[in-house]
1. List Glu125, Glu229 from most exposed to least, where exposure is judged by having the fewest other Cβ atoms within 10 Å.
2. If you average the sequence gap of Cα pairs under 8 Å that are 6 or more apart and divide by the length of the stretch 166-237, what percent do you get for the contact order?
3. When a/c is below 1.5 the answer is rounded, else prolate if a/b is larger than b/c, else oblate, so apply that to the stretch 1-83 with a ≥ b ≥ c taken from the square roots of the Cα gyration tensor eigenvalues.
4. Determine the dipole magnitude for the stretch 34-273: charges of +1 sit on the beta-carbon of Lys and Arg, -1 on that of Asp and Glu, nothing else is charged, the reference point is the Cα centre, and the result goes in debye to the nearest 20.
5. Which number comes out as Rg/Rh for the stretch 34-273 once both Rg and the Kirkwood Rh are worked out on C-alpha atoms?
6. Ranking Leu347, Leu11, Leu205 by Cβ neighbours within 10 Å, fewest first, what do you get?
7. So who's got an amide H within less than 5 Å of the one on Val397, skipping anything under 5 residues away but keeping other chains? H placed 1.01 Å off N, in plane.
8. Which FRET efficiency, nearest 0.05, do Trp186 and Lys142 yield, Cβ-Cβ r, R0 22 Å?
Amino acid sequence: MHRFKYIGRSLFCEKVKVSDIAAKVGTPLYVYSRNTLLDHYAKIKEAFASVSPLICFSVKSNSNLSVLRALVKAGAGVDIVSGGELYRAKLAGAPPERVVYAGVGKRRDEIMDAIRYGILFFNVESEEELTLVNACAASLGKKVNVAVRINPDVDVSTHDYIKTGKGQTKFGVNFDTAKRIFRSSWKYRNIAIRGVHIHIGSQILNPQPFRRAIKKVLGFLDKNSLLVEYLNIGGGMGVVYSLEKPQTATGFAGKILPLVRKSNLKLILEPGRFIAANSGILVTMVLFRKKNGQKRFIIVDGAMNDLIRPSLYEAYHEILPVTKPRRRASVARYDIVGPVCETGDFLAKNRKMTEPASGDLLAVMGSGAYGYSMSSNYNSRPRAAEVIVDGNKFFVVKKRETYGDLVRGETIR
């Protein structure tokens, strides 16, 4: 599942002691296992090998350039949702023919940049967006490929904030609108509608919602005699954070491949969390211990600005000591909280664990996806450093921000 394990009392990332990294780089700190990233990418690639899919890593899940570069070198494409992510994709060396661009609110300048780069697809999410993409392409004398993102109105068992395939969400178009787009495609002289796109949510543990969504979209194409070349089924495969029992890549492929083969369409996938989540940890240092009445707290130097998932989604992350204690210490239930001035600033609640000492290091597991990429400077806190481990070596791939970084671009008038 990942390459973080104890050797003796010490937690290692691949062949490097996590405590040695923290001693050199400081905390809070993100540590990524390069080979875990590649392992998880390979699992999806092998599971779907019979249809030679294009696997586009979701940049929003982890946008570090070294992470992107490792996956691009292994053959992955990228799924982007902003001009900034396109910029990162270029720097990471992503070939334009392996770039797909989703998102409900693309600006004109972002669209123009993507057309100039020659990306494979825009995943178009509204009629007005389609009109704008067509106008931008015409102004550049280009003809561009689009896939129509269809909202299949399929519910999934996940947090409401990460459901994207229900009819009341902002994503994609309904079937009536999709039909109108296809029927009026002749109006868009600088666009070729070559695919359909769906993305129903994130951290989905069961393949059945994917099957329902795919069947609905394929049925729509068949009923209306619509011809396309590509089927993009998005991402959303769940991972283990606690006691979840998610689908494996092989199990997922076994449920999806029969539908894909029957359609005879080229397949695109957009995994992010499945590849990145368990490849990374957040390392944080214990500052203080505190007891208020019956409530016990461990106050650490990592906070909601570093990892917002627990505060935003009430997400569970396993938390482990970077160095196991030598002797049996007292065990109690603690809230693990940060220095930010919000009651919602916590990394874990009511967590049963051995009491750490001030200065001890804790590892927040499964933080490789939607960790650093969602971090902020709230409370004027510099963002953490990022490190990637490859075998017995580690490299700082994002320096810790300084106070000077916090005010860069600001002026006093």
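1. Glu229, Glu125
2. 43 percent
3. It comes out oblate by the Cα gyration axes.
4. Around 420 debye, computed over the stretch 34-273.
5. 0.94
6. Taking fewest neighbouring Cβ atoms as first place, the list is Leu205, Leu11, Leu347.
7. Glu386, Val387, Ile388
8. 0.75
Read the figures in this text as sums done on the coordinates, not as results from a lab. Bear in mind that the values here come from a model prediction, so they are computed numbers and not experimental data. Because the Cβ atoms are built from the backbone with ideal geometry, glycine has one as well, and the counts that use them run over all protein chains shown.
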